[in-house]
Amino acid sequence: MAITHATDETFKNEIGSGVVLVDFWAPWCGPCKMIAPVLEELDQELGEKAKIVKVDVDENPETAGQFGIMSIPTLLVFKDGQPVDKVVGFSPKEALSDLLAKHI
């Protein structure tokens with residue numbers, strides 16, 4: 001499954017069902033650039049088990065504000081539309097795999 005880019009308008013549809021890892025990021029953020037390839041690898045490994053969605057906080061301030069995103073990258077795990085877990089800052093792939101495994 002490919003990583004999806006959500007906007008303020010499409011966000012609710014993207015997180016509606018199943019397990020979704022949302023990456024709140026911005027193009028100018030160094031750690032965000034570091035985590036991008038990690039998320040690509042995770043996406044390949046997870047297949048249909050979970051979905052990864054990216055939200056650019058500069059272009060979608062409404063969604064970022066709704067979840068109180070103060071620093072990036074912030075990763076939120078949603079299950080059937082509800083936030084169930086959160087990681088702030090860079091995390092290695094193993095840590096993110098373990099985080100998602102708890103909810104799949």
Practice problem: Apply the Debye scattering formula to segment 5-51, with a single equal point scatterer on each alpha-carbon and no solvent, then give log10 I(q)/I(0) at q = 0.25, 0.28, 0.30, 0.33 Å⁻¹. | Solution: -1.04, -1.11, -1.13, -1.16
Quiz item: Given segment 4-101, what percent of its DSSP beta bridges are antiparallel, to the nearest 5?
Solution: 60 percent
Quiz prompt | Loop sites in segment 25-79: GluC sites (Glu not before Pro), DSSP, at most 14 other Cβ within 10 Å | solution = E48, E59
Quiz item: Say R0 is 25 Å: what FRET efficiency, to the nearest 0.05, do D85 and E62 get from their beta-carbon distance?
Solution: 0.70
Exercise. May I ask for the Rg/Rh ratio of the chain, computed from Cα atoms with Rh as the Kirkwood radius, given to two decimals?
Key: 0.91
Practice problem: Just subtract the alpha-carbon distance of M1 and W28 from 0.36 nm times their residue separation and send over the number in nm, one decimal. | Solution: 7.1 nm
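Each value in this text was obtained by applying a stated rule to the coordinates, not by laboratory testing. The model shown is predicted, which means the values in this text are computed figures rather than measured ones. Ideal geometry is used to build each Cβ from the backbone, glycine not excepted, and the neighbour counts take in all protein chains shown.
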